[in-house]
Amino acid sequence: MQPPVARMGDFGKYRYDLQQKAKDAKKKQKAVTWKEIRVSPKIDDHDIDTKIRSAAKFLDEGDKLKVTVRFRGRELAHPDRGRVLLIAIGDKLKDHGVIERAPLLEGRQMHMVMNPVRRDATGAPAAATPAAPTPTPPAASATPKPPAPGPRPAPAPAAARPPAPPARPPAARPAPPPRAQRPA
């Protein structure tokens, strides 16, 4: 049997290596940038196409996208128009991004958040990996299975349990001082 070997090291070098690893990890991480597209519920089709082109560019660059519909005046009486508009924009951008948060009305604005579609090295959308087929359970037979063998722990007898703490009587409160009577 070999005795354990202790290795002497330089603590300064160890700290330096940890700092270098942290620096490399920080270089490799990518900060998420947000872009926003604002539209009105009364926007025209050509204007929507222009906004969708810029939104597609943002999503292709890997930025998160927030699409906002701002209601002004009496437009707030028809929030369904804004919801339909946001869902239509999401459908037109489905090749570039995925809806992360469905349209949500907050005050006078309705928001929808989209994430970019992850792309592989060729530039095509990354295909979802097929899920492994789940094994199907065998058909249930008419005869029941016997219980699994093995000892079961018996419940502890009442004498082995610790005694319950005694009940405390409610604390007596001092009576409030008498109130002074007001003259009538």
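Any read-out appearing in this document is the output of simple, stated calculations on the displayed coordinates, not a laboratory observation. Computed from a predicted structure; not experimentally measured. Positions of Cβ are backbone-derived with ideal geometry, glycine not excepted, and every protein chain shown enters the neighbour counts.
Quick notes on this structure:
- Cβ crowding within 10 Å averaged over residues, with 89-102, 39-52, 22-35 ranked highest first: 89-102, 39-52, 22-35
- Computed about its Cα centre, the charge dipole of segment 28-116 is approximately 320 debye, with only Lys, Arg, Asp and Glu carrying charge at their Cβ.
- Under 5 Å between amide hydrogens, built in the peptide plane, is the criterion, and for Glu36 it picks out Lys66 among residues at least 5 positions away or on other chains.
- Candidates Met110, Gly62, Pro41 compared by Cα position along the dipole of segment 28-116: farthest toward the positive end lies Met110, with charges placed on Cβ.
- Stretched out straight at 0.36 nm per residue, the stretch from Arg108 to Arg38 would grow longer than its current Cα-Cα span by 23.9 nm.
- Surface/4 of the Cα convex hull for segment 28-116, nm²: 5.7
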